[in-house]
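These notes are about the structure you will find just below.
The values are calculated or read from the model by the stated rules, or taken from the named source; none is laboratory data. Because the structure is a prediction, the values reported are computed rather than measured. Heads up, the Cβs are rebuilt from the backbone with ideal geometry, glycines too, and the neighbour counts pull from every protein chain shown.
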Amino acid sequence: MKKTNLILLIIILILVIVTASLYFFQNTSSQPAYRDFAVKDTASVDKIFIADKNSNTVLLERKDGYWEANNSFVARRDLTNLLLETFYRIEVSSPVPNSKLDKVLKDLSVSGVKCEIYQNGKLSKTYYIGGVTDDNIGTYMIMEGSDQPFIVRIPGFNGFLNVRYNTNPNEWKEKLIFNYKVQDIAKVTVEYSNSPDESFIAISKGNNEFDLKEINGNKVKFDFDTIKVKTYISSCKLIGFDAFIADSLQQEKYDSLSALPFVAKYTIEDINGNAKSFKTYLRQNITKLLDDEGNLYEWDIDYLYGILDDKTVVLLQYYAIDPITTSKYEFIKTAEEYEH
């Protein structure tokens, strides 16, 4: 009798082990690669392709010291770093429960975002990012070629990850007008449409030598402080803006602004002869700001429009360009400076 019970116990134990093994096998898709979403060697990632079901795509490629997006502009450093951090830290929390499996698979096929990761020039991973779990701290993902989606999270981070796989190209554009090393700036030209006499050209001649000229290229008719010219050129190296005007409004806004006189035009030419420029335009007092006496300002006192390189309309704040908005007369050498 004892021998029969022992045999029965062994059979039950074997059945339990087999059942557990089958469950584990089924819920891990039998291949570890199907649940391996992380990339631990992010330094080897040199290309990332993200696409959604609405034909929006972003192609990120690593260059020398920066990332380029869609072969046309510098990608935002904060977003690329966040995406690489996501690649490194994501972990599988659990397989999707059977009760939600059909719905999650359907959502992934209908609205999933595709992500391709290339390392050292070769495609290493392709997976799809779906919606979020009911508790909003897990994100559904599935590897290409697999039929088992997983709940993926970042340890210690209570939030969803799908927003990090952004397919809107405009969101990836670095919101910078000028981004130079000071030593690469050859000259800065500032032209005011309503005050042409205050316009000027600040020139870096190399070897710590600087010059100041009229907007027509003639030398200014006063002694100027070369330290002030040097400081001014340095202040032009990094200028940003707040936002792009929506694509649907770009052409309309560009046409309307181009018909108006600009406030100022700023142009930087680098040591290789390449130039970038932008013009600023007044913005109507859309927010109905009032002065101290309760009267409406005619124009917005915080924001103005900018047109970059005669094609892209943006919104920027006065404080961003105040450091480079000055008159040529601000460079005049004072009596105290003569004494030094």
Open item on the list: Looking only at region 225-280, filter to residues that are within 24 Å of the chain's Cα centre (by Cα) and among the aromatic types (Phe, Trp, Tyr); which one of those is surrounded by the most Cβ atoms within 10 Å (Cβ to Cβ)?
Closed with: Phe278
Task: Residues of region 172-196 classified as touching a helix residue (DSSP H, G or I) at 6+ places or on another chain (Cβ under 9 Å) and either at pLDDT 95 or above or not aromatic (Phe, Trp, Tyr) (or both), total - done: 8
- [ ] Considering every residue within region 124-131, establish whether at least one is without any contact (Cβ under 8 Å) to a residue 24 or more places away in the chain, in the same structural domain as Ile50 (by TED's automatic domain parsing) and touching an Asp or Glu at 6+ places or on another chain (Cβ under 6 Å).
- [x] yes
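So, in region 218-241, exactly how many residues are small (Gly, Ala, Ser) and modelled with pLDDT under 95?
Total satisfying the criteria: 1.
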Task: Only one of Lys288, Lys221, Lys311 that is more than 28 Å from Phe331 (Cβ to Cβ), more than 28 Å from the chain's Cα centre (by Cα) and loosely packed, with under 11 Cβ neighbours inside 10 Å - done: Lys288
Task: Total residues in region 158-168, condition more than 30 Å from Leu315 (Cβ to Cβ) and surrounded by 14 or more Cβ atoms within 10 Å (Cβ to Cβ) - done: 0
Open item on the list: So, in region 175-199, how many residues would count as being of a type in the set (Asp, Glu) and part of a loop (DSSP other than H, G, I, E, B)?
Closed with: 0
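To keep it simple, each residue is scored yes or no on (1) in contact with a strand residue (DSSP E or B) (Cβ under 8 Å, 6 or more places away or on another chain); (2) crowded, with 19+ Cβ neighbours inside 10 Å; (3) modelled with pLDDT under 95; (4) not in a helix (DSSP H, G or I).
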site	(1), (2), (3), (4)
Leu101	no, no, yes, no
Lys114	yes, no, no, yes
Tyr127	yes, yes, no, yes
Asn136	no, no, yes, yes
Gln148	yes, no, yes, yes
Gly156	no, no, yes, yes
Asn170	yes, no, yes, no
Asp211	yes, no, no, yes
Open item on the list: Of the conditions (1) touching a residue at least 24 places away in the same chain (Cβ under 8 Å); (2) more than 30 Å from Ile245 (Cβ to Cβ); (3) among the acidic types (Asp, Glu), Glu171 satisfies every one except a single condition; which number is it?
Closed with: (2)
Task: Matching option when the condition is aromatic (Phe, Trp, Tyr) and in the same structural domain as Ser55 (by TED's automatic domain parsing), among Tyr165, Tyr192 - done: Tyr165
Task: Enumeration of residues in region 43-88 that are crowded, with 17+ Cβ neighbours inside 10 Å and in a helix (DSSP H, G or I) - done: Leu79, Thr80, Leu83, Leu84, Thr86, Phe87
- [ ] Please work out which one of (1) crowded, with 18+ Cβ neighbours inside 10 Å; (2) in a loop (DSSP other than H, G, I, E, B) is the condition Met141 fails and give its number.
- [x] (2)
Task: Meets criteria (surrounded by fewer than 18 Cβ atoms within 10 Å (Cβ to Cβ) and acidic (Asp, Glu)) for Asp300 - done: no
Task: Hits in region 108-156 (condition: hydroxyl-bearing (Ser, Thr, Tyr) and over 14 Å from Tyr34 (Cα atoms)) - done: Ser109, Ser111, Tyr118, Thr133, Thr139
